[in-house]
Structures are given as structure tokens and as C-alpha cells.
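The values are calculated or read from the model by the stated rules, or taken from the named source; none is laboratory data. Note that the coordinates shown come from a computational prediction; the quantities given were computed from them, not determined experimentally. Glycine also receives a Cβ, built like all others from the backbone with ideal geometry; neighbour counts cover every protein chain displayed.
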Amino acid sequence: MSENLSKPMAGVGPMPLTFANARANAWEVMRAALAAVDPAEAVRRVMRLDGDTLTVGGHTYNLRQYRRVLVVGAGKASAPMARATEEVLGSRVVAGHVIVKVGHLDHTTRVSLHEAAHPVPDQAGIDATAKIVELLRGAGSDDLVICLISGGGSALMILPEDGITLADYRSLTDALLRSGADITRINTIRKHVEQVKGGRLAQVASPATVLSLVLSDVVGNPLDFIASGPTVPDNTTFNDAMQVLSDFDLVGKVPSSVEARLRAGARGAAPETPKPGDPTFDGVRTVVIGSNEIAAEAAINRARELGFQTLHLTSFLEGEAREAAKFVVAVAREVEGRSRPLAPPAMVLCGGETTVTVRGAGRGGRNQELALAAGLAMEAVRNVLIVALATDGSDGPTDAAGGFADSGSARRMREAGVDPRAALGANDSHDALARAGDLIVTGPTNTNVNDLTFAFVYPDADGTPVPA
């Protein structure tokens with residue numbers, strides 16, 4: 001099933017809160033969540049131009065003091081961010097380069113948009129990053145650099161250290177994505193094998209004034225991990241990067257050029273990334289313009305309007321997707337059978353980002369794997385719909401944004417000739433969900449603020465909770 005989540009559904013009014021309407025309710029709530037973190041709207045909310053005074057997030061810039069305004073950036077949501085920046089600043093934007101995922105283009109006139117591959121990088125990403133570096137190396141103290149950062153920026157804006165080839169970097173990325181490491185650990189390594197991450201883009205731009213607008217896709221919004229923190233101080237070290245290799249059994253399994261770089265840094269033979277207190281950051285400000293929390297709040301508000309009792313349980317759902325699924329199902333069962341902590345009709349929401357340790361040869365993503373595992377865990381659970389959504393519309397290397405799960409999901413898979421437990425073991429969630437009619441396919445949403453997992457719990461036909 002494919003839906004356009006960027007716009008509200010026309011003519012949709014109140015509907016009975018019954019399980020028969022569960023998916024329609026879910027689409028309404030998802031649509032509200034994504035509308036709240038529309039990247040262009042987020043930029044317009046925080047950026048205001050009054051004459052020569054630019055105000056962003058409470059900070060003011062007298063544009064008469066600057067010779068040029070340059071715009072750079074990277075991420076799945078950075079194209080609409082660039083468009084909105086141009087709309088606010090107009091001809092004051094002199095030039096710029098922004099890197100976006102293939103298929104995520106927008107309409108800009110002064111900022112050049114460059115498509116590159118995600119999640120495994122390609123030469124187009126390297127070439128576009130080199131253009132950003134070339135532009136910023138010419139920046140002076142009388143220039144204002146606006147850096148637009150969103151999720152996916154780590155894979156799109158890349159410039160490996162000398163001696164690390166694109167093939168090496170692609171191999172490293174594949175190993176990290178399959179290891180089960182979360183994004184903070186993955187980005188710890190990335191920051192120490194590249195030339196622009198971990199605050200080093202700010203070094204390139206210095207002594208220019210830098211204003212970074214960030215759409216966060218990392219749990220808790222740690223600035224040094226969002227897109228690997230190109231314009232903020234780095235709190236990690238080469239020793240931390242080596243520890244990640246050790247913790248995930250990757251020593252000797254990543255390209256030798258990568259491991260050699262990390263070992264050289266750990267013994268002090270390669271320069272560290274700039275740390276807090278480095279004067280590089282004296283002229284840098286960062287404003288978070290969108291996050292998982294903002295999307296979650298909008299989802300909660302819409303669910304309440306529909307008539308649900310609501311609970312935003314956490315913004316820190318992490319760990320293996322299949323284990324997270326068991327937790328979400330357990331919460332739904334408590335609501336279903338005990339009316340705790342809410343009585344049906346209820347919606348419980350978890351934000352965050354789970355991981356998948358890839359052991360099979362199947363296709364899927366963390367949200368699809370969560371939905372598949374949830375379907376297996378709730379075959380006897382009535383009147384509950386679990387929804388796992390990647391807010392960027394792209395869950396793993398697939399065309400799906402996530403998946404649905406209810407008590408009939410596993411049965412529908414078996415009727416379609418798929419063993420759901422075997423599919424989970426093979427990390428083949430995409431095909432299993434597709435066969436059951438449980439895929440969520442939205443196309444690119446042009447935003448990216450982590451994942452949202454919903455549990456919609458409905459009363460039984462007579463209005464009472466379902467007996468345990």
C-alpha cells in the first residue's frame with residue numbers, strides 16, 4: 001500500500017475507533033507526524049529576514065557585515081531546506097552546494113543540488129563533497145556560511161583520508177551496517193577516517209561565520225553524531241573508534257587502509273578531530289530545527305483529536321529490532337488485557353532507532369524487521385495494530401518505509417507461501433511483509449527524524465478491553 005504522507009487527506013472526518021479502521025487511523029497519525037517536521041517549514045519557522053537583519057533561533061546576524069552568504073550541506077532532507085533558505089534570503093545567497101540522496105531533488109536557483117548514493121556511498125558523493133570543500137576554502141572572515149544538515153548526511157558528504165579508496169570506504173560502510181552497531185558507534189569510526197566529519201568542515205570554513213541548521217535523526221539529538229557532526233566539536237577519539245572495531249568483532253575484517261588509519265591515530269601519528277574548546281568553533285552556531293520529539297508530539301495531538309488516549313512512552317527505543325518488537329507488543333498486551341497504563345482505545349508511541357545484525361541474505365530494514373517480529377509475537381493478540389515507520393520513507397536499502405503488524409500478519413504470510421519465522425532468521429522482512437499486504441510504502445518523504453513505532457489498541461466489539 002502506498003500513501004502520500006506529505007499532505008492531509010481530503011474529506012477525512014471523525015471515524016469510529018474500531019479495529020476495522022485501524023490502518024486509516026494510522027495513516028492519519030503518521031501524516032500529522034511528518035507534516036510537523038517538513039524541512040522547508042522547519043527552516044521558515046526559525047529563519048526570519050527583516051531588512052539587513054537575519055534572525056535564526058534567537059541569534060541575529062547583520063548581513064551588512066558579510067561579503068557573501070554561502071550555503072552548503074548534506075542529507076535526505078537538505079534539498080527542501082536549501083529551497084526554503086533561498087526563499088528567505090533571496091539574492092543574498094551567492095553560491096552553494098548541497099548533497100542529497102538520489103531521487104530527493106527540489107527546486108533551487110542559487111544552490112547547486114548534487115545527487116549521491118545512500119546508505120553505501122559512491123563517487124558522486126566524493127565529487128560533490130570536494131566542491132563544498134573547494135567553496136569553503138575560499139571563505140573569509142567576512143563570509144557567512146549556512147550549513148544545512150539532516151539525516152543521511154554521513155553517507156552523502158564523504159571525503160575519505162588519503163590512502164582510503166572509495167572501494168575501501170564502501171566495504172567499511174557495508175561491514176558497519178551489517179554489524180549491529182548503532183549510529184553513534186558507526187559515526188565514531190566515520191569521523192576518524194574522513195576529512196570533513198567530526199568538526200573538520202568547520203575547520204575548512206574557518207575563519208568564516210558558520211550557522212548550522214540541523215534536522216536531527218539521532219536519538220537524543222547529540223550534535224556531534226548527526227551526520228557525523230561536520231561543524232561541531234567531536235567528543236570521540238581514535239581510541240574510541242578502535243574500541244568499536246573490537247566490540248563488534250571487526251578487527252581484521254575492515255579494509256587494511258581503514259584499520260591502519262585508526263591505529264595511526266590511536267598512537268598519535270595522525271591528528272585528532274577538533275575537540276570542545278577549540279577556537280575553530282568560536283564563530284559557529286547550531287540550531288536544531290526538527291527532531292523525533294517534534295514529530296511525536298504532532299502524532300500524539302492528532303491521535304487525541306481522533307479520540308485515542310495517548311502515551312509517548314519513549315524517544316529512546318534502541319537495540320535489536322526484533323527484541324524491540326517484543327517490548328512494544330508487551331506494552332500493547334498490557335493495554336489490551338489490563339487497561340494499563342491506558343484503557344483502549346489507546347495509542348502508545350515510541351521514537352528512536354533500532355538496529356539489525358544481518359545474518360541472512362534477505363532484504364529489509366530495521367522497521368520492517370520490527371514489524372515482522374511483532375507479527376510473530378502477537379498471533380493471539382486481538383484488536384492491536386503495530387506500525388513501524390522510517391520517517392524518511394526509506395527503510396534500509398528498500399522501497400518501503402516500514403510495516404504493519406496485527407494478529408493476522410503471520411497467518412497471511414503462511415497463506416502466501418512464506419514461513420515468517422524463517423524469513424526473520426534470513427533478515428527477509430521485505431518479501432514477507434509484501435506477501436501479507438503489510439508493507440508501508442510512501443516514497444521519499446523529504447524529511448528524516450528517526451523512526452516512529454506505534455501501538456494502536458482498540459476495545460473489543462462490546463467496548464471492553466480484550467480479556468487476557
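Which residues, taken from the stretch 229-249, are surrounded by 14 or more Cβ atoms within 10 Å (Cβ to Cβ), touching a residue at least 40 places away in the same chain (Cβ under 8 Å), part of a helix (DSSP H, G or I) and not small (Gly, Ala, Ser)?
Hits for the stretch 229-249 are 238, 240, 244, 245.
Return the only residue of 320, 305, 297 being under 14 Å from residue 452 (Cβ atoms), outside the structural domain of residue 143 (by TED's automatic domain parsing), surrounded by fewer than 20 Cβ atoms within 10 Å (Cβ to Cβ) and of a type outside the set (Phe, Trp, Tyr).
Being under 14 Å from residue 452 (Cβ atoms), outside the structural domain of residue 143 (by TED's automatic domain parsing), surrounded by fewer than 20 Cβ atoms within 10 Å (Cβ to Cβ) and of a type outside the set (Phe, Trp, Tyr) holds for just one of 320, 305, 297, which is 297.
Considering (1) more than 21 Å from residue 99 (Cα to Cα); (2) surrounded by fewer than 19 Cβ atoms within 10 Å (Cβ to Cβ); (3) in contact (Cβ under 8 Å) with a residue 40 or more places away in the chain, say which one residue 252 fails and leave the rest.
(3)
Going through the stretch 320-353 one residue at a time, which ones are touching a Pro at 6+ places or on another chain (Cβ under 8 Å), among the charged types (D, E, K, R) and touching a residue at least 12 places away in the same chain (Cβ under 8 Å)?
We begin by selecting, within the stretch 320-353, every residue touching a Pro at 6+ places or on another chain (Cβ under 8 Å); these are 334-339, 343-345.
Next, only the ones that are among the charged types (D, E, K, R) stay: 334, 336, 338.
Within the stretch 320-353, 336, 338 qualify.
Regarding the stretch 193-201, can at least one residue be identified that is within 30 Å of residue 41 (Cα to Cα) and in contact with a strand residue (DSSP E or B) (Cβ under 8 Å, 6 or more places away or on another chain)? Before you say what the answer is, go through the steps one by one.
Here is the first cut: in the stretch 193-201, the residues within 30 Å of residue 41 (Cα to Cα) are 196-201.
Filter once more, so that each one left must be in contact with a strand residue (DSSP E or B) (Cβ under 8 Å, 6 or more places away or on another chain): 200-201.
Yes, some residue in the stretch 193-201 is within 30 Å of residue 41 (Cα to Cα) and in contact with a strand residue (DSSP E or B) (Cβ under 8 Å, 6 or more places away or on another chain).
Please list, ordered by first then second residue, the pairs with beta carbon atoms under 7 Å, 6 or more apart or interchain, first in the stretch 202-225 and without any contact (Cβ under 8 Å) to a residue 40 or more places away in the chain, second in a loop (DSSP other than H, G, I, E, B).
Filtered contacts from the stretch 202-225: 224/232; 224/233; 224/234; 224/235.
Considering only residues that are buried (at least 18 other Cβ atoms within 10 Å of the Cβ) and within 12 Å of residue 202 (Cβ to Cβ), look in the stretch 270-294 and name the one that is farthest from the chain's Cα centre (by Cα).
My answer is 280.
Report those helices (runs of 4 or more DSSP H) wholly inside the stretch 164-217 carrying at least 1 residues which are crowded, with 22+ Cβ neighbours inside 10 Å and hydroxyl-bearing (Ser, Thr, Tyr).
Details: elements: 166-179, 183-190, 200-205.
Ranges flagged: 166-179, 183-190.
Looking at the stretch 335-354, can you tell me whether even one residue there is among the charged types (D, E, K, R), farther than 25 Å from residue 305 by Cα and over 27 Å from the mean Cα position of the chain (by Cα)? I'd like the intermediate steps shown before the answer.
At the first step, the residues of the stretch 335-354 found to be among the charged types (D, E, K, R) are 336, 338, 340, 353.
This time we only want the ones that are farther than 25 Å from residue 305 by Cα, so: 353.
From what's left, over 27 Å from the mean Cα position of the chain (by Cα): none.
No, the stretch 335-354 has no match at all.
Mind telling me which of the residues 138, 198, 153 ends up being assigned by TED's automatic domain parsing to the domain that holds residue 63, in contact with a helix residue (DSSP H, G or I) (Cβ under 8 Å, 6 or more places away or on another chain), closer than 15 Å to residue 97 by Cα and not hydrophobic (A, V, I, L, M, F, W, C)? Working first, answer last.
On the way: 138 fails: in contact with a helix residue (DSSP H, G or I) (Cβ under 8 Å, 6 or more places away or on another chain); 198 fails: closer than 15 Å to residue 97 by Cα.
Step by step, each of 138, 198, 153 is checked, and only 153 is assigned by TED's automatic domain parsing to the domain that holds residue 63, in contact with a helix residue (DSSP H, G or I) (Cβ under 8 Å, 6 or more places away or on another chain), closer than 15 Å to residue 97 by Cα and not hydrophobic (A, V, I, L, M, F, W, C).
Does any residue in the stretch 292-305 that is closer than 14 Å to residue 221 by Cα come within less than 6 Å, Cβ to Cβ, of a residue that is assigned to a helix (DSSP H, G or I) six or more places away or on a different chain, and which pairs are these?
294/36; 295/33; 295/36
So that you can scan it fast, the table gives a plain yes or no per residue for (1) on the phi < 0 side of the Ramachandran plot; (2) of a type in the set (A, V, I, L, M):
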position: 299; (1), (2): yes, yes
position: 303; (1), (2): yes, yes
position: 315; (1), (2): yes, no
position: 326; (1), (2): yes, no
position: 334; (1), (2): yes, no
position: 352; (1), (2): no, no
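For the stretch 158-187, which residues satisfy the criterion of being under 14 Å from residue 357 (Cα atoms) and acidic (Asp, Glu)?
Across the stretch 158-187, the qualifying residues are 174, 182.
What pairs come out if I take residues in the stretch 357-371 that are in contact (Cβ under 8 Å) with a residue 12 or more places away in the chain and pair them with residues that are surrounded by fewer than 17 Cβ atoms within 10 Å (Cβ to Cβ) and of a type in the set (D, E, K, R) whose C-beta lies under 9 Å away, six or more apart or interchain?
Listed by first residue and then by second, the contacts come to 357/178; 358/178; 359/178.
Among the residues of the stretch 61-73, is there at least one that is within 25 Å of the chain's Cα centre (by Cα) and polar (S, T, N, Q)?
no
Does the stretch 53-71 contain at least one residue that is touching a strand residue (DSSP E or B) at 6+ places or on another chain (Cβ under 6 Å) and closer than 24 Å to residue 392 by Cα?
Yes: one or more hits.
Return yes when residue 30 is in the same structural domain as residue 312 (by TED's automatic domain parsing) and either modelled with pLDDT of 95 or more or closer than 30 Å to residue 304 by Cβ (or both) and no when it is not. Lay out the reasoning, then the answer.
Values: in the same structural domain as residue 312 (by TED's automatic domain parsing): yes; either modelled with pLDDT of 95 or more or closer than 30 Å to residue 304 by Cβ (or both): yes.
Answer is yes for this residue.
Among residues belonging to the stretch 129-160 that are without any contact (Cβ under 8 Å) to a residue 60 or more places away in the chain and crowded, with 24+ Cβ neighbours inside 10 Å, point out the one that is nearest to residue 194 (Cα to Cα).
158
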